[in-house]
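**Q** Here it is, the structure, as structure tokens.
The values are calculated or read from the model by the stated rules, or taken from the named source; none is laboratory data. Because the structure is predicted, anything quoted here is derived from the model rather than measured. In this analysis, Cβ positions are derived from the backbone assuming ideal geometry, glycine residues included, and neighbour counts consider all displayed protein chains. Heavy atoms of the whole protein, side chains included, go into the accessibility calculation; ligands, DNA and RNA do not. Shrake-Rupley method; radii C 1.70, N 1.55, O 1.52, S 1.80 Å.
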Amino acid sequence: MRIGIFTDTYPPYINGVSTSIAMLEKGLKELGHEVFIVTVNPENMQYKYEDDERIIRIPGIPIGIYDYRLTGIYPLRAINKIKKWNLDVIHTHTEFGVGTFGRILAKQFNIPLVHTYHTMYEDYVYYITKGYFDKSSRKIVEYLTKFYCDKTAKELIVPSKKTYDMFKDKYQFEKEIHIVPTGIDIKRFKKSNFKKEQILELKKELGIKPSDFVILFVGRIAKEKNIDLLLNSHVEIIKKHKNTKLVIVGSGPDYEHYIEMSKELKIDNNVIFTSSIPWEEIPIYYQLANVFTTASNTETQGLTLIEAMAGSIPVVCLKDKSFEDILLDNKNGKYFTNEKEYINNMNYLIENKDILDSMSEQARITSEMHSIEFFAKSVLKVYKDAIGEEKKTFFDKLKDKFKKDKE
């Protein structure tokens, strides 16, 4: 099968969507399919062609939200090259820019369209409105989301039950929705990949002692990740366990704010900010940790949880529907619903090494269920559904309509 993936974000840019696409591309190729990418040039306003013109990077302008760039919806210079790809299916991963371009091409050349909805946009409205017109802005987001996912895509994929419930319960979405959690390359994160000396050397570089207990967060450093809770809680944790370090890996719009906050709380000696780390180096950073944590409730799926578990690191996270398919409470980690529970959970794991070791092993086992191969095969089935529907004859569709009317 010849598959065209249209996305506003793609490696070397690192975020959850980019990781998901990289894993899907790898999995599909390993199953013998051809994958073509249309994305944004993150560096400048020029067209860029890579991998023997199987990757097209379209010029885009910065929009002031993280490092995202927005392209035109019909970049003419790319069309002839894409036509030569002779695609069997188009898979869009964004509702804007490149995604709209993919939608237009799918209609223009009669190519089945599959769409994955990655981002709960209502949780990000404040970046645009700054607190003004939030209610009306959320309604606009809801309308655009329903229009794009319901009116244009043959098949819709969501990564978690949380997103599924939003479409079914809140948006009253009637079409079928496929829940396909993103897979990861779990082999990259396995503990056995790293020598003890490598981990100790990295700890030394970051100012972490071998005897320190390390709590790790990996992700975008921004308001919606609720890093405030992690920092405020750390004040109480180090009163009881002075050798506990909180390591925050990533960058984002609130990076400097949280550095200042750690100083104001007088915990900066126990909090380490690494800024952005290259994608290929991320796996060893998980090996710094005794426990991985997140307090975010804006995720559609917790990819960093799976990465941590693949590295045999148990997780303490906010109780949220996004994580229900990953974290088994008291098996591979623990949930919390507020700051007090978070503090109690961390103190409990710091003080109970046997429990922590048991959770580490269960975390590794859990990660095996999120392989790239399973992910790619699940998405491939959705492609086949879309293509099958598209190839129905006029009389097939007439029979379907008659059957539905009769029911």
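**Q** Looking for whichever is crowded, with 23+ Cβ neighbours inside 10 Å and assigned to a strand (DSSP E or B) here; the options are ILE248, ILE313, ILE272. Which one fits?
**A** Working: ILE313 fails: assigned to a strand (DSSP E or B); ILE272 fails: crowded, with 23+ Cβ neighbours inside 10 Å.
Residue meeting the stated conditions: ILE248.
**Q** Would you mention how many residues in the stretch 264-317 are touching a helix residue (DSSP H, G or I) at 6+ places or on another chain (Cβ under 6 Å) and of a type in the set (Ser, Thr, Tyr)?
**A** Residues in the stretch 264-317 being touching a helix residue (DSSP H, G or I) at 6+ places or on another chain (Cβ under 6 Å) and of a type in the set (Ser, Thr, Tyr): 5 in total.
**Q** Follow-up. Would a scan of the stretch 323-335 turn up a residue that is open to solvent by 30 Å² or more (accessible area, probe 1.4 Å) and polar (S, T, N, Q)?
**A** yes
**Q** Among the residues of the stretch 262-310, count how many are acidic (Asp, Glu) and more than 22 Å from PHE336 (Cβ to Cβ). So that I can check it myself, show each step before the final result.
**A** Filtering the stretch 262-310 for residues acidic (Asp, Glu) gives 264, 268, 280-281, 299, 307.
Remaining after also requiring more than 22 Å from PHE336 (Cβ to Cβ): 264, 268, 280-281.
So the count comes out to 4.
**Q** Which of the residues belonging to the stretch 88-110 are surrounded by 20 or more Cβ atoms within 10 Å (Cβ to Cβ) and touching a strand residue (DSSP E or B) at 6+ places or on another chain (Cβ under 6 Å)?
**A** Those that are surrounded by 20 or more Cβ atoms within 10 Å (Cβ to Cβ) and touching a strand residue (DSSP E or B) at 6+ places or on another chain (Cβ under 6 Å): VAL89, ILE90, HIS91, THR92, HIS93, GLY97, VAL98, GLY99, GLY102, ALA106.
**Q** Then there's this: In the stretch 247-277, which residues are without any contact (Cβ under 8 Å) to a residue 40 or more places away in the chain and under 28 Å from LYS187 (Cβ atoms)?
**A** Result: ILE248, VAL249, GLY250, SER251, SER275, ILE277.
**Q** Something else: Can you say whether ASN243 is polar (S, T, N, Q), surrounded by fewer than 15 Cβ atoms within 10 Å (Cβ to Cβ) and either over 17 Å from PRO278 (Cβ atoms) or modelled with pLDDT of 95 or more (or both), as far as the supplied structure shows?
**A** Working: polar (S, T, N, Q): yes; surrounded by fewer than 15 Cβ atoms within 10 Å (Cβ to Cβ): yes; either over 17 Å from PRO278 (Cβ atoms) or modelled with pLDDT of 95 or more (or both): yes.
The answer is yes for ASN243.
**Q** Sticking with this one: Quick one: what pairs do we get from the stretch 350-369, first residue open to solvent by less than 50 Å² (accessible area, probe 1.4 Å), second in a helix (DSSP H, G or I), C-beta under 6 Å, 6+ apart or different chains?
**A** Close Cβ pairs (under 6 Å, with a partner that is in a helix (DSSP H, G or I)) amount to LEU356/LEU349; ALA363/MET309; THR366/MET309; SER367/ILE186; SER367/ILE306; SER367/MET309; SER367/ALA310.
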